[in-house]
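**Q** Pasting in a structure now, in structure tokens, and then I'll have a few things to ask.
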Amino acid sequence: MVAEIHVLKLPKERQIAAVAVRAEAIQPDIAAAVEAERERVLTLVTIAEQAARIGVDVDLAAVISQGAVPDEVREVVMNMAASERDQNYG
């Protein structure tokens, strides 16, 4: 499938209006993405706080900036806690 690109030469005010319509059309998608990221970060903060209580250090800035998935971070924390426990009691 070949896409054709057409360039329209519109007056400046029509260009501004077209951009505004496109921005409005994707606004729900942007809001959903922002909310999903907010929820991911809040979950990671909670995991880091819980990890600290059981003696596992989480580099919160690193896991957030690397785009880590909360379930994966939770699994790593649990594995670290189990490994620490095994070393102390094994």
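**Q** Select from region 5-16 the residues that are among the basic types (Lys, Arg) and surrounded by 10 or more Cβ atoms within 10 Å (Cβ to Cβ) and list them in ascending order.
**A** Within region 5-16, just ARG14 meets the criteria.
**Q** In region 1-34, what residues are among the polar types (S, T, N, Q) and either in contact with a Cys (Cβ under 6 Å, 6 or more places away or on another chain) or over 30 Å from GLY67 (Cα atoms) (or both)?
**A** GLN15
**Q** If a residue has to be outside any helix (DSSP H, G or I) and either under 28 Å from VAL34 (Cα atoms) or in contact with a Ser or Thr (Cβ under 8 Å, 6 or more places away or on another chain) (or both) to count, how many in region 46-90 make the cut?
**A** Number of matching residues: 7.
**Q** Starting from region 51-71, keep only residues that are free of Cβ contacts under 8 Å to residues at least 60 places away in the same chain, then list their pairs with residues that are among the charged types (D, E, K, R) and surrounded by 10 or more Cβ atoms within 10 Å (Cβ to Cβ) whose Cβ atoms are within a distance under 7 Å, requiring at least 6 positions of separation or different chains.
**A** That search, which allows pairs on different chains as well, returns GLY55/GLU84; PRO70/ARG40.
**Q** Another one. Scan region 43-59 residue by residue and report those that are closer than 15 Å to VAL69 by Cα and open to solvent by 90 Å² or more (accessible area, probe 1.4 Å).
**A** ASP59 - this is the single residue of region 43-59 that is closer than 15 Å to VAL69 by Cα and open to solvent by 90 Å² or more (accessible area, probe 1.4 Å).
**Q** Would you call GLU13 on the phi < 0 side of the Ramachandran plot and at pLDDT 90 or above?
**A** Yes.
**Q** Let me ask you something else. From VAL19, VAL2, which residue is aliphatic (A, V, I, L, M), modelled with pLDDT under 90 and surrounded by 10 or more Cβ atoms within 10 Å (Cβ to Cβ)?
**A** Of VAL19, VAL2, the one residue that is aliphatic (A, V, I, L, M), modelled with pLDDT under 90 and surrounded by 10 or more Cβ atoms within 10 Å (Cβ to Cβ) is VAL19.
**Q** Turning to a different aspect of this structure: In this structure, is ARG40 at pLDDT 95 or above and surrounded by 11 or more Cβ atoms within 10 Å (Cβ to Cβ)?
**A** Spelling it out, ARG40 is indeed at pLDDT 95 or above and surrounded by 11 or more Cβ atoms within 10 Å (Cβ to Cβ).
**Q** Here's something else I'd like to know. Collect the residues in region 64-79 that are of a type in the set (A, V, I, L, M) and either open to solvent by 90 Å² or more (accessible area, probe 1.4 Å) or under 10 Å from LEU44 (Cβ atoms) (or both), keeping them in residue-number order.
**A** If the condition is that a residue be of a type in the set (A, V, I, L, M) and either open to solvent by 90 Å² or more (accessible area, probe 1.4 Å) or under 10 Å from LEU44 (Cβ atoms) (or both), then ILE64, ALA68, VAL69, VAL73, MET78 are the ones that fit.
**Q** Give the residue, chosen from ALA31, ALA51, that is modelled with pLDDT of 90 or more, closer than 30 Å to ASN88 by Cα and of a type outside the set (Val, Ile, Thr).
**A** ALA51
The values are calculated or read from the model by the stated rules, or taken from the named source; none is laboratory data. Just so you know, these numbers come straight off a predicted model, no measurement behind them. So basically every Cβ, Gly included, is an ideal-geometry build from the backbone, and we count neighbours across all protein chains shown. Accessible surface areas use protein heavy atoms only, side chains included; no ligands, DNA or RNA. Shrake-Rupley method; radii C 1.70, N 1.55, O 1.52, S 1.80 Å.
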